[in-house]
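Asker: Just dropping this structure here.
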Amino acid sequence: MGMQETGRLFDWYEADLPSAERKRRGHFSTPPALVSQILDACGYVSDANLSRIRVLDPACGSGNFLMEAAQRLATSLASDSTLSSRKRASLFQHNLWGFDPDPVACFLAEMRLRTSFEAQVKQDLAASFPLHIHQADSLSLHWEPCVDLFLANPPYLAAKNSDLSGYRSAQQRGQTDSYLLFLDLAFQALRPRGWLGLVLPDPLLARANAAPERLRLLNESTIHHLWHFSGLFAAHVGAVVIIAQKRPPRSIHKISWRREGWPNQLKRSQLPQDLESSHQVPQRLLARQPGAEFRYLLNSESGSVTERFRKQLEHPGKGKNYLLPLSDFFQVRRGEELGRESPLLVELERDCETHYRVLRGGIDIQPYATPSGRWGISRSEIAKPLLRYHAPKLLVVKSTGNLRATVDLQDHIALQTLYLLLPCRPDLDIDDLYFFMALLNSRLLRTYIYLQHTAYKLVQPQIEQHVLARLPVPAVIRRRDVKRISELAQELRSACDARGSVVEWQVESHHLFEKLEGAISVLYRTLLPEITTDKGVFDNGYYSNSPNSRIGREAGT
């Protein structure tokens, strides 16, 4: 069977798996174009001497990584006229290793590898050299440093859906996910100065349970490339590619990073020249982050400002308490633990005394606009204390990458995709609610939460409860500033509620929004004179609330 036929056979095998089964196994293979990019970035290229580089894929599937590596190895060995056919066959066998618990995937991987093998040496000679494709769970094996190139797109099995307690590496830590165990395995199996090319889910970048692995990566390896992709797999998860070498980084080392969608990203022909023009972030900047988060966007003008805000909030100087966390003013609570498709919800045609009106999350909440729910829930189905839903309160969307907040004065019930901000200071009044609504919808705090938190999950980002609670707000606010910002916020709310002519509404609301932004900027600049909060720092196409920006379109301004 030829290579093309074998490739089509695997395509059929994976495509024919039911989606639920593919998700259960974490069975999503690496596109060949990305395989080529990863091998190029690791320096595993045909015109190099590859005879002494042992390659391991511990979750090889049908062998996409190994197949490309085999072709490059064969070309490299063929260029050395001093090598006999037997020696080339021996090196081919010695240098390529794959493990996978799926017997069908192992069978396909070996077929593909052997096809490449037999193209280089005589069939009878190739048959005397068994290939190292093994049906085995690599996580259950004992490893010592023995490989020079570690390639993997391991299955992403979340701890909440899979029992990983049988693995020794999982027993040595708290909650983990399977891809983190493969990252540990890379450090066990790699020799010093060896390379790793990993395709991992993007929760690696910032999720708390990945902190030990991130710290180890930052301290024990030099990370050369970080590629963050959306749309790489059919699974609902973003992907991050890590290209690193197992050696401590130099203090001045910078990581080259890219952020884009698949398949509209790099083509192989653009490598390696185009990688030189990628954005860069100092590796030591990431190592200084709480939990060693890979906040690669901080190496920008906007990122630098938000990072100073975070540091001032968490480590105020002596007598310089300029900022307080939002939790000093509001309790952050979740709504009912129901989805918007829950059968407990009924659509209401008019006021109904037997049901409470429900807000279903981002679908019913827009910045500044008065929330209005068309769905209801009966009193007997409400699990949380009713006092939680009594107005007045602030509502903030949870399942979003950008802050969206509004004031609720109508005792709406909220579902789990909304946070309820309940005043925890008795002196907070309606003006304060509108003031804080303006802060939460401001360009400044939207940029802060995006750059510090939500940008690092490309698919289905969410604002965590503790993140919202730790948003930096002014510690001391003059009542006249509260009044001025509150009045502008209420004017903008009125404009959003009475849209009328689209053109007139856009002009009026944009004008009001810019006046509001100016007042908030002056407020922060007055309190934090050493931190630049000029509008220009935040006014760019990605983070601003201008009509042509992504966030601006969501805000309707």
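Asker: Looking at (1) within 25 Å of residue 487 (Cα to Cα); (2) in contact with a His (Cβ under 8 Å, 6 or more places away or on another chain); (3) not aliphatic (A, V, I, L, M), which is the one condition that is false for residue 376?
Answerer: Against the list (1) within 25 Å of residue 487 (Cα to Cα); (2) in contact with a His (Cβ under 8 Å, 6 or more places away or on another chain); (3) not aliphatic (A, V, I, L, M), residue 376 comes up short only on (1).
Asker: If you don't mind, there's one more thing I want to ask. Taking only the stretch 111-135 into account, find how many residues are open to solvent by 30 Å² or more (accessible area, probe 1.4 Å) and under 13 Å from residue 57 (Cα atoms).
Answerer: Residues flagged as open to solvent by 30 Å² or more (accessible area, probe 1.4 Å) and under 13 Å from residue 57 (Cα atoms) within the stretch 111-135 amount to 3.
Asker: So which residues in the stretch 136-153 are open to solvent by 10 Å² or more (accessible area, probe 1.4 Å) and either at pLDDT 95 or above or assigned to a loop (DSSP other than H, G, I, E, B) (or both)?
Answerer: Within the stretch 136-153, 136, 137, 141, 142, 143, 144, 145, 146, 148, 153 qualify.
Asker: Please note which helices (runs of 4 or more DSSP H) are completely contained in the stretch 25-131 and include at least 1 residues that are under 24 Å from residue 178 (Cβ atoms) and in contact (Cβ under 8 Å) with a residue 12 or more places away in the chain.
Answerer: Where helices (runs of 4 or more DSSP H) fall fully within the stretch 25-131 and carry at least 1 residues being under 24 Å from residue 178 (Cβ atoms) and in contact (Cβ under 8 Å) with a residue 12 or more places away in the chain, they are 32-41, 64-78, 103-118.
Asker: Follow-up. Report yes if some residue within the stretch 116-138 is more than 29 Å from residue 188 (Cα to Cα) and within 38 Å of the chain's Cα centre (by Cα); otherwise report no.
Answerer: So far as the stretch 116-138 goes, yes, one or more of its residues are more than 29 Å from residue 188 (Cα to Cα) and within 38 Å of the chain's Cα centre (by Cα).
Asker: Somewhere in the stretch 345-359, is a residue within 22 Å of the chain's Cα centre (by Cα), surrounded by fewer than 18 Cβ atoms within 10 Å (Cβ to Cβ) and modelled with pLDDT under 90?
Answerer: No, that holds for no residue.
Asker: What are the residues in the stretch 208-250 that are open to solvent by 10 Å² or more (accessible area, probe 1.4 Å), touching a strand residue (DSSP E or B) at 6+ places or on another chain (Cβ under 9 Å) and either in a loop (DSSP other than H, G, I, E, B) or basic (Lys, Arg) (or both), if any?
Answerer: Scanning the stretch 208-250 gives 231, 232, 233, 235, 237, 246, 247, 248, 249, 250.
The values are calculated or read from the model by the stated rules, or taken from the named source; none is laboratory data. Remember, it's a predicted structure, so these values are computed and weren't measured experimentally. We place every Cβ from the backbone using ideal geometry, glycine too, and count neighbours over all the protein chains shown. Just so you know, the surface numbers come from the protein's heavy atoms only, side chains and all, with ligands and any DNA or RNA stripped out. Shrake-Rupley method; radii C 1.70, N 1.55, O 1.52, S 1.80 Å.
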